Amino acid sequence: MKLIIKNGTIINPAMHQHETGDVVIKNGRILAVGGCAEEDPTAEVYDATGCFVTPGLIDMHVHLREPGQEAKEDIHTGTQAAAAGGVTRVATMANTTPVIDNAAVLRDVQERAEREGVVKVSIIGSVSRNLEGRQLSEMGDMAAAGAAAFSDDGHYVESANFMRRAMEYANMFGKMVIDHAEDMTMCAAGYMNEGRVSYRIGVTGRPAAGEDLAVARDIILSKLTGCHLHVAHLSSAGAVELVRRAKAEGLNVTTEVTAQHLYFTDDCLRNYDTAFKMAPPIRTEEDRQALIKGLQDGTIDAVITDHAPHTNEEKDVPFCCAPNGIAGLETSLSAVMTALYHKELLSMDRIVEVMSVNPSRLLGVEGGVLAEGMPADVTVINPEQEWTVHGEDLYTKALFTPFEGITLKGRAVLTVVDGEVVMKEGHVLK
Ligand SMILES: [Zn+2]
């Protein structure tokens with residue numbers, strides 16, 4: 001099996017490579033990157049003229065919902081959505097039913113992912129049993145079984161002392177702790193960002209200060225324990241500044257931002273549209289600008305989706321009743337291309353760093369680079385392709401998307417996992 005991706009612009013920042021040429025794939029591995037491939041009548045050829053050829057995109061924060069919540073999503077549909085979005089690996093969170101808090105559940109999800117997954121799946125174990133923040137999860141067993149990191153994502157770990165113990169324990173296994181940073185004493189009663197828009201439409205808000213407090217606490221705990229802290233889905237300007245200062249101090253702290261927080265502001269919630277309801281909430285234009293600045297200057301390491309699908313029945317209800325979370329795997333790259341690349345706010349090289357190189361390093365998995373002998377996980381992106389998003393056309397089970405009816409510019413046109421084409425021109429083949 002040989003595949004030649006011809007004549008694309010190869011964006012391979014890990015090798016300081018940005019040039020037009022061919023990528024040759026054979027038997028699941030990369031054979032050559034750059035230059036002009038020899039003609040081979042037996043090879044499949046994909047003409048990537050005008051497109052970017054990048055290492056496979058990696059989304060280090062998704063919720064595949066399996067086991068237990070398959071009405072919202074399952075491993076097959078979730079990874080189909082990933083393939084459609086140009087993503088070759090996802091890391092899925094532990095807040096399933098049952099919770100991924102021991103090695104038996106983790107291995108079960110691994111086996112399901114092996115069987116049903118269209119793309120590669122890394123698994124994040126919880127830090128506490130049943131996400132209750134009271135007893136530590138079986139981190140040692142889960143680390144041995146291949147957990148990529150530990151997180152109670154979806155829930156804030158309320159007890160500082162418990163978080164300290166969790167970080168000390170995770171650190172023994174060399175794993176990072178990913179925190180969902182929202183101080184619930186300030187945020188639990190809120191449904192959107194607290195500010196001008198929430199006051200006007202009469203909805204109780206979640207203040208940015210609630211996020212900043214939680215981020216500050218966990219940075220202090222990272223300093224105390226030495227544990228790698230990865231702050232999930234940063235959304236406030238204040239939190240960006242806290243992480244910036246922690247990095248300047250040389251602390252072991254990294255962070256990520258969702259594509260939707262880079263694209264939208266809380267003005268979008270004026271009509272009480274539940275498709276924009278998530279936690280942490282979409283905030284103000286000032287926060288959005290700070291997030292972009294954080295991506296540009298290296299404060300923010302990764303762009304993620306926080307792909308968190310819900311059923312129509314759950315989401316199509318009055319605003320305050322709807323659960324937090326949206327599907328994002330199929331729109332993330334296109335949103336970043338539209339809002340940042342085409343506005344000249346982020347180079348393609350930086351986009352590949354934050355959507356492939358850095359997530360691969362943070363998860364400790366192969367990938368993030370096009371290099372001879374490496375597994376052939378490759379994404380081809382047409383930067384000029386425009387498409388209008390309709391929830392019902394997407395592979396995810398979720399019908400709601402905040403991008404409904406929006407025309408985005410730039411889209412993945414080919415997704416290759418271990419040398420196998422799993423998506424071509426928008427069609428997922430598995
Ligand atoms: Zn979260």
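The values are calculated or read from the model by the stated rules, or taken from the named source; none is laboratory data. Bear in mind the structure is a predicted one, so any value in this text is a computation, not a measurement. Heads up, the Cβs are rebuilt from the backbone with ideal geometry, glycines too, and the neighbour counts pull from every protein chain shown. For the accessible areas, the whole protein counts, side chains as well, though only heavy atoms, and no ligand, DNA or RNA atoms are used. Shrake-Rupley method; radii C 1.70, N 1.55, O 1.52, S 1.80 Å.
What accessible surface, in Å², does a 1.4 Å probe find on Cys321, ignoring ligands, DNA and RNA and rounding to the nearest 10?
100
Checking the table Lys72/Lys120; Lys6/Lys397; Lys277/Lys424; Lys26/Lys293; Lys72/Lys424; Lys2/Lys120 against a 28 Å threshold on Cα-Cα, which pairs fail?
The pairs that break the limit, which is 28 Å between Cα atoms, are Lys6/Lys397; Lys277/Lys424; Lys26/Lys293.
Percent relative contact order of the chain, based on C-alpha pairs within less than 8 angstrom and at least six residues apart?
The normalised contact order for the chain reaches 20 percent.
Put a dot 7 Å past each Cα toward the Cβ at Thr185 and Asp40; how far apart are the dots in nm?
Spacing of the two 7 Å Cα→Cβ label points: 6.3 nm.
Among His76, His18, what's the order by accessible area (1.4 angstrom probe), most exposed first? Don't jump to the answer; show the numbers that get you there.
On the way: His76 60, His18 105 Å².
Result of the area sort, largest leading: His18, His76.
Once R0 is set to 60 Å, what does the formula 1/(1 + (r/R0)^6) return for the Cβ-Cβ distance between Lys223 and Glu313, expressed as a FRET efficiency to the nearest 0.05?
Values: r = 44 Å, r/R0 = 0.74.
About 0.85, to the nearest 0.05.
Please arrange Asp74, Asp152 by accessible surface area, largest first, computed with a 1.4 Å probe and ligands excluded.
On the way: Asp74 30, Asp152 5 Å².
Most to least solvent-accessible, the answer reads Asp74, Asp152.
Report the calculated FRET efficiency for Leu345 and Met15 (r = Cβ-Cβ distance, R0 = 25 Å), to the nearest 0.05. Mind showing how you got there, number by number?
Values: r = 24 Å, r/R0 = 0.98.
Efficiency, rounded to the nearest 0.05: 0.55.
Remind me, relative contact order of segment 282-430 in percent, using alpha carbon pairs under 8 angstrom and six or more residues apart? Could the numbers behind the result be given before it?
Details: 205 pairs, mean separation 32.8, N = 149.
So the answer I get is 22 percent.
Taking R0 as 45 Å, what's the FRET efficiency between Lys409 and Arg200 from their Cβ-Cβ distance, rounded to 0.05? Walk me through the intermediate numbers first.
Working: r = 31 Å, r/R0 = 0.70.
It comes out at approximately 0.90.
Sorted by packing (mean other beta-carbon atoms within 10 Å per residue), highest first, where do 159-171, 381-393 land?
Working: 159-171: 19.0, 381-393: 15.6.
Ranking the peptides 159-171, 381-393 by packing returns 159-171, 381-393.
Using unit Cβ charges (K, R positive; D, E negative) and no other charged atoms, how large, in debye to the nearest 20, is the dipole of the chain about its Cα centre?
Values: 38 positive and 61 negative charges, 143 e Å.
With Lys and Arg at +1 and Asp and Glu at -1, about 680 debye.
How charged is the neighbourhood of Val105? Take every other residue with its Cβ under 12 Å from the Cβ of Val105, and add Lys/Arg as +1 and Asp/Glu as -1. Intermediate values should be presented prior to the final figure.
Working: positive: Arg107, Arg112, Arg129; negative: Glu66, Asp101, Asp108, Glu111, Glu138, Asp141.
Value of the local net charge: -3.
For the chain, what is the mean residue ellipticity at 222 nm derived from helices alone (per DSSP H run of n ≥ 4: -39500 (n - 2.57); sum divided by total residues; nearest 500 deg cm²/dmol)?
-8000 deg cm²/dmol
Find how many whole Å separate the alpha carbon centroid of segment 76-114 from the alpha carbon centroid of segment 200-262.
Result: 25 Å between the Cα centres.
By per-residue mean of other Cβ atoms within 10 Å, what is the highest-first order of 111-118, 287-294, 66-73? Intermediate results must be reported in sequence, preceding the final value.
On the way: 111-118: 17.5, 287-294: 20.6, 66-73: 19.0.
The densest-packed peptide leads the list: 287-294, 66-73, 111-118.
How long are the three semi-axes of the equivalent ellipsoid of segment 159-318, in whole Å, if each is the root of 5 times an eigenvalue of the C-alpha gyration tensor, listed from largest down?
On the way: eigenvalues 155, 58, 42 Å².
Output for segment 159-318: semi-axes of 28, 17, 14 Å.
Please give the helix 160-172 orientation as an angle from the longest Cα principal axis of the chain, in degrees from 0 to 90, rounded to the nearest 10.
30
For Lys343, what accessible area in Å² do you get when you roll a 1.4 Å probe over the heavy atoms of the protein chains, rounding to the nearest 10?
Answer for Lys343: close to 140 Å² accessible.
Taking the Cα centre of the chain as the origin and placing charges on Cβ (Lys, Arg +1; Asp, Glu -1), which of Leu329, Met278, Val380 is farthest toward the positive end of the dipole?
The Cα lying farthest towards the positive end belongs to Met278.
How much solvent-accessible surface does His233 expose, in Å² to the nearest 10, with a 1.4 Å probe and all protein chains in place?
The accessible area comes out at roughly 0 Å².
Where does segment 56-363 land on Rg(C-alpha)/(2.2 N^0.38 Å)? Before the final figure, lay out each step's value.
Values: Rg = 17.8 Å, N = 308, 2.2 N^0.38 = 19.4 Å.
Scaled against compact globular proteins, the figure is 0.92.
List the aspartates and glutamates whose alpha-carbon lies under 14 Å from that of Lys343, not counting same-chain residues fewer than 8 positions away?
Glu384
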